[in-house]
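Participant: Pasting a structure below so you can have a look.
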Amino acid sequence: MKMRKNVRNLLLQALAGVLLAGGTLGAVNATGDEANASTKPGSYGTPASPTGFRGVWPVLKTGSRGTDVTTVQHLLTARGHAIKADGAYGKKTAAAVRAFQTRAGLRADGAVGPKTWAKLTALTLRTGAKGAAVKALQVQLGIKADGVFGKKTAAAVRTFQTKKNLPDTGAVDARTWNSLITGSFAKPVIKGYSLQFSKNWKNPTYSKLSLVRDGKTLKSWRAGSGKNKDECASGMGWLPSGTYKVQAHFTNRDGDAIDGYAIQLPNKPCRPKAGTKQKRVIRTDLFIHSEMTRYGTQGKDDPGRDDADRWENANDYKSLGCIKLTPTDIKDLFKRLDQARWPKNLTLYVN
């Protein structure tokens, strides 16, 4: 009887092991990156343990775009595979990924999946750190990527950690990296038409407004926003990041400062940067517009004066907190949206 009982226990344990393994395998997408990774610690550290990690690492490959791609590019540079951090996953990025994977003991398929992410982020950053890895962190936090881990970066890290119920140490370990990156997992492609405003931190007047359909950019225009980078400066700072459902559009608006072609946006609450004493504000009077008369024409040129109804030079890209295009460009945007019959629920995404 005792022998039978032991045999039965062994069989039950084996069955439980099979079921557990099956559940684990079923929760992972077996890309080449995951299925062929070395489990031995390599020159880039041991892959982070999934224990306690709830997010799903994004899978990036040729053609991917966005914040996570920029993060990968900075991390590759930090690992000795210098690559331009432009947010576009092209041939050079794929080649750098393959070179990194080869050195890290991974299958060199050029795609960034969970194992490659774990190897790339197998490092700890804290106050005083400098370089490309800090830029990768700052990109994920949504703050200025200057590559210096100072007080502001540490404060932003602690705020993030508190929000994610992590120990608010201000240091970035494997668990914090995982929460940062899986928390910014790329959203599914937005169906239909949308507008996207991409901020240029180095030169705000060279920011970009794009018309997108089903994830594909149809046309982009140079755009400016605000007179400084403070999103919470009413009537002065550039448009706060976030989403805006278009409220109305005009071709003959007659306002105090905005005339002619204009797209009206809703008011937007602005959250001050971490570590500042600035209070939460509501940004109002937000538009996508240009400088023209209410009839869409150019006003009279008054020498020596900045005419609000006439586009004169690149300085006119600066605004009182809205998004500004040249008269030609905003008319082109309206023409395209007219052809699309001004889709319902048209949304502007600002990043």
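Participant: Given the pairs Lys130/Lys163; Lys152/Lys219; Lys91/Lys163; Lys91/Lys164; Lys61/Lys331, which are separated by over 30 angstrom at their Cα positions?
Facilitator: The pairs that break the limit, which is 30 Å between Cα atoms, are Lys152/Lys219; Lys91/Lys163; Lys91/Lys164; Lys61/Lys331.
Participant: To continue, here is another question. At 1.4 Å probe size, put Arg305, Arg65, Arg175 in order of accessible surface, largest to smallest.
Facilitator: The ranking, largest first, comes out as Arg65, Arg305, Arg175.
Participant: When the accessible area of the stretch 204-351 is split by element with a 1.4 Å probe, what percent falls to carbon and sulfur?
Facilitator: 45 percent
Participant: If you average 1/r over all unlike Cα pairs in the stretch 105-255 and invert the result, what Kirkwood radius do you get in angstrom?
Facilitator: In the stretch 105-255 this quantity evaluates to 18.3 Å.
Participant: Report, in whole Å, the centroid distance computed from the Cα atoms of the stretch 138-184 and the stretch 78-130.
Facilitator: Result: 19 Å between the Cα centres.
Participant: Quick one: Debye curve from the C-alpha atoms of the stretch 212-351, no solvent, what's log10 I(q)/I(0) at q = 0.13, 0.18, 0.19 Å⁻¹?
Facilitator: Each listed q maps to, in turn, -0.58, -1.07, -1.17.
Participant: Percent relative contact order of the stretch 217-351, based on C-alpha pairs within less than 8 angstrom and at least six residues apart?
Facilitator: About 31 percent, as a whole number.
Participant: Taking a cut-off of 17 Å, what percent of all Cα-Cα pairs in the stretch 71-137 are separated by more than that?
Facilitator: 35 percent
Participant: With a 1.4 Å probe and every protein chain left in place, work out the accessible area per residue of the stretch 241-318 in Å², rounded to a whole number.
Facilitator: Here the residues of the stretch 241-318 average 63 Å² of exposed surface.
The values are calculated or read from the model by the stated rules, or taken from the named source; none is laboratory data. Just so it is clear, the structure is predicted and the values come from calculations on it, not from any experiment. Surface areas here come from the heavy atoms of the whole protein model, side chains and all, with no ligands, DNA or RNA. Shrake-Rupley method; radii C 1.70, N 1.55, O 1.52, S 1.80 Å.
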